[in-house]
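Trainee: Would you mind keeping the following structure in view while I ask a few things?
The values are calculated or read from the model by the stated rules, or taken from the named source; none is laboratory data. Owing to the predicted nature of the structure, the values given are computational and were not obtained by experimental measurement. All Cβ positions, glycine included, derive from the backbone under ideal geometry; neighbour counts span all protein chains shown.
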C-alpha cells in the first residue's frame, strides 16, 4: 500500500486498513441495528441482524482466489512446456538421474524406487501482479549532515525522521525531531510529526501526550486537530473524533484525510448520510484514495443501495490495483 501524505505536511499511515477483496454481492445491515458506534456496553448481542454484517471501518473480506493459505498453501504448476498430445509423465529430477546412472556404471542393481516428483516452479497469484519498485529513500548521510549543521530546520528534521522511520529506526527518528524542538524549531509541526510516528507504531498514549503538548502551543492549528481526530479513530473513540475533524474540514476544506476520517467516524456512529458526504468529498479530493471509495460503497450498502455500492467497490479495486 502506497503511503498517503496529507496536504498539511505530515504523512499519515493507516495500518488498520486491510486489502480489498470481493466487491460484488456485499451484504448489508439495517441502520436500526443496536450495538454500533463506540459504546462497548451498547448490547451487541441484542443487535437485530438481517443477513450477514457488512465490513465496516478497518474491516474487509478476502478474495480466496488470492489467498494461497486458504487452499492449504501456494499453487504449484509444472513449468515445463508441453506439446499437444504429449504424454503427461512426471519428469525425473537431476539428482535422482545422476544417482541412477552412477549405480548402473558400477553394476549395482537398480532399485525400483518411485520416480522423483516432477520439477515444479512455485507461483502464487500475487506474483502475477506487477511489482512497483520502492521509491529510493533519501541519503541518510546527506540529511544527517544538513541536520547537524541546521538542527532547527523543520523540513530537514522531518525528512530525516521520516527516512529513519522507514528504515525502522524509530527512536532515532523521534530523537531527531526532539533535537529540532530543542533548537527552537516550530514545536507544533514537530510534535505532530512525533505523534504520527508513535501512532503508526500503536503507541497511542505517547502520541496523545505529544498532541497535548502541541495543543498547548497552538490548539486551533488544523494539523493538531487532524492528528487528534485520526488518533481518536484509531482508538475507536468515534464520538471524540467527530468534533476536531469537522473543525479541520471547515478550516481546511481541501484536506482529503480530514474528510476521510470524518466519514470513518460518522459511519461508525450510524450517521450514514453525513458519512456518505464526507467519504464522497474525500474521494473527490483524492481520486486515488481507494479507502474513501470503499467507504462510499460500504455506506451505500448499509443504506440499502447494493447496485450503487457495487460500482464504488469496483472503482476502489481499480484505484488500488492502479
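Trainee: If residue 187 meets every condition in (1) surrounded by fewer than 24 Cβ atoms within 10 Å (Cβ to Cβ); (2) touching a residue at least 40 places away in the same chain (Cβ under 8 Å) apart from one, which number is that one?
Mentor: Residue 187 satisfies every listed condition except (2).
Trainee: Being within 30 Å of residue 267 (Cα to Cα) and part of a helix (DSSP H, G or I): is that true of residue 148 here?
Mentor: Spelling it out, it is not the case that residue 148 is within 30 Å of residue 267 (Cα to Cα) and part of a helix (DSSP H, G or I).
Trainee: Something else about it: Quick one: residue 279 ticks every box in (1) buried (at least 24 other Cβ atoms within 10 Å of the Cβ); (2) within 28 Å of residue 185 (Cβ to Cβ) except a single one, so which number is it?
Mentor: In the conditions (1) buried (at least 24 other Cβ atoms within 10 Å of the Cβ); (2) within 28 Å of residue 185 (Cβ to Cβ), residue 279 misses (2) alone.
Trainee: Going by the conditions given, is residue 292 in the same structural domain as residue 178 (by TED's automatic domain parsing), in a helix (DSSP H, G or I) and either in contact with a helix residue (DSSP H, G or I) (Cβ under 7 Å, 6 or more places away or on another chain) or without any contact (Cβ under 8 Å) to a residue 12 or more places away in the chain (or both)?
Mentor: no
Trainee: Please work out which one of (1) buried (at least 24 other Cβ atoms within 10 Å of the Cβ); (2) under 17 Å from the mean Cα position of the chain (by Cα); (3) within 25 Å of residue 225 (Cβ to Cβ) is the condition residue 299 fails and give its number.
Mentor: So residue 299 meets the others, but not (2).
Trainee: Tally time: how many residues in region 251-289 are in a loop (DSSP other than H, G, I, E, B) and free of Cβ contacts under 8 Å to residues at least 24 places away in the same chain?
Mentor: Qualifying residue count, region 251-289: 2.
Trainee: Taking region 212-244 on its own, how many of its residues are in a helix (DSSP H, G or I) and either within 22 Å of residue 254 (Cβ to Cβ) or within 22 Å of the chain's Cα centre (by Cα) (or both)?
Mentor: Residues meeting the conditions: 20.
Trainee: In addition: Select from region 295-310 the residues that are touching a residue at least 12 places away in the same chain (Cβ under 8 Å) and either over 17 Å from residue 266 (Cβ atoms) or assigned to a helix (DSSP H, G or I) (or both) and list them in ascending order.
Mentor: Passing the criteria: 295, 296, 297, 298, 299, 300, 301, 302, 304, 306, 309, 310.
Trainee: On to the next question. Going by the conditions given, is residue 304 farther than 22 Å from residue 225 by Cα and at pLDDT below 95?
Mentor: no
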